[in-house]
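Okay, so here's the structure we're looking at.
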Amino acid sequence: MKPVDKKIYLASKSPRRRELLRQVGIDFELLLLRSDGPRGPDVTEEVLPGEAPLDYVARVALEKAKFAASLVTMRRMAPRPVLSADTTVTIDGAILGKPANPAEATAMLQQLSGRTHQVLTSIAVASADFSAQVTQVSDVRFGVLSPAAIAAYCATSEPYDKAGGYGIQGPAAVFIEHISGSHSGIMGLPIYETVQLLRQAGLPLP
């Protein structure tokens, strides 16, 4: 199935992913999946028992893309590639989700302080006759964080909607001593890999 135009469907609520797509001139229409409600989420983001971080992030991204692509077909929407993504932070083999309260955020930052962790972002593109996926891994090293710095940061709204309790594009940038990998991947959408997948899906990108 060839796209009817140069637009994609974005199955993500992340404002950072929207910003990154606009940055490189990719036009999109939001196709949001249900995350709660009486029938539950369209795609669960619960970690399965024994699931490794790489397997988890890849599964969630691909399931989102395939479910959204099925909606395009079922609703007889204009045929376009669907892009989805999932990002997680991992250290010592554990997945750090979004902290629910200051105690959880403080514990996460204490764990990340002075150490290197990984940010995994898996992207998936799907349509009625196409499916492909890439997972990008970046290393991020935090400097040693003082208790005062952690407390001041956790008193803001910053940690509570972000995996690992921080975003590289926000105030927590002052914590980051070194990165190795993709800056846009750490933000939530590795642009180079995203463009490659969308080209494979038939989107006419330069």
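The values are calculated or read from the model by the stated rules, or taken from the named source; none is laboratory data. It should be emphasised that the depicted structure is a prediction, and the values quoted were computed from it without experimental measurement. Methodologically, a virtual Cβ is constructed for each residue, glycine included, from the backbone with ideal geometry; neighbour enumeration extends over all protein chains shown. In case anyone asks, the SASA skips ligands and DNA or RNA and just uses the protein heavy atoms, side chains included. Shrake-Rupley method; radii C 1.70, N 1.55, O 1.52, S 1.80 Å.
For this structure, a couple of remarks:
One line per residue, one yes/no per condition, for (1) in contact with a strand residue (DSSP E or B) (Cβ under 8 Å, 6 or more places away or on another chain); (2) more than 30 Å from Phe67 (Cα to Cα):
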{"site": "Met108", "(1), (2)": "yes, yes"}
{"site": "Gly114", "(1), (2)": "yes, yes"}
{"site": "Ala124", "(1), (2)": "yes, no"}
{"site": "Ala128", "(1), (2)": "no, no"}
{"site": "Arg141", "(1), (2)": "yes, yes"}
{"site": "Leu145", "(1), (2)": "no, yes"}
{"site": "Ala148", "(1), (2)": "no, yes"}
{"site": "Thr156", "(1), (2)": "no, yes"}
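- Residue identified as modelled with pLDDT of 90 or more, polar (S, T, N, Q) and loosely packed, with under 12 Cβ neighbours inside 10 Å among Gln111, Gln23: Gln23
- Tabulated pairs, region 41-55, first touching a residue at least 12 places away in the same chain (Cβ under 8 Å) and over 12 Å from Phe67 (Cβ atoms), second of a type in the set (A, V, I, L, M, F, W, C) and open to solvent by less than 60 Å² (accessible area, probe 1.4 Å), C-beta under 7 angstrom, 6+ apart or interchain: Glu45/Val60; Val47/Ile95; Pro53/Ile95; Pro53/Leu120; Leu54/Leu120
- Any chance Leu198 is open to solvent by less than 20 Å² (accessible area, probe 1.4 Å) and closer than 16 Å to Phe130 by Cβ: yes
- Residue in region 78-91 that is open to solvent by 40 Å² or more (accessible area, probe 1.4 Å), over 24 Å from Leu205 (Cα atoms) and either part of a helix (DSSP H, G or I) or at pLDDT 95 or above (or both) present: no
- Arg18 at pLDDT below 80, open to solvent by 50 Å² or more (accessible area, probe 1.4 Å) and within 18 Å of the chain's Cα centre (by Cα): no
- Scan of region 117-164 for residues that are without any contact (Cβ under 8 Å) to a residue 40 or more places away in the chain and either surrounded by fewer than 16 Cβ atoms within 10 Å (Cβ to Cβ) or among the small types (Gly, Ala, Ser) (or both), ordered by number: Arg141, Gly143, Val144, Ser146, Pro147, Ala148, Ala149, Ala152, Thr156, Ser157
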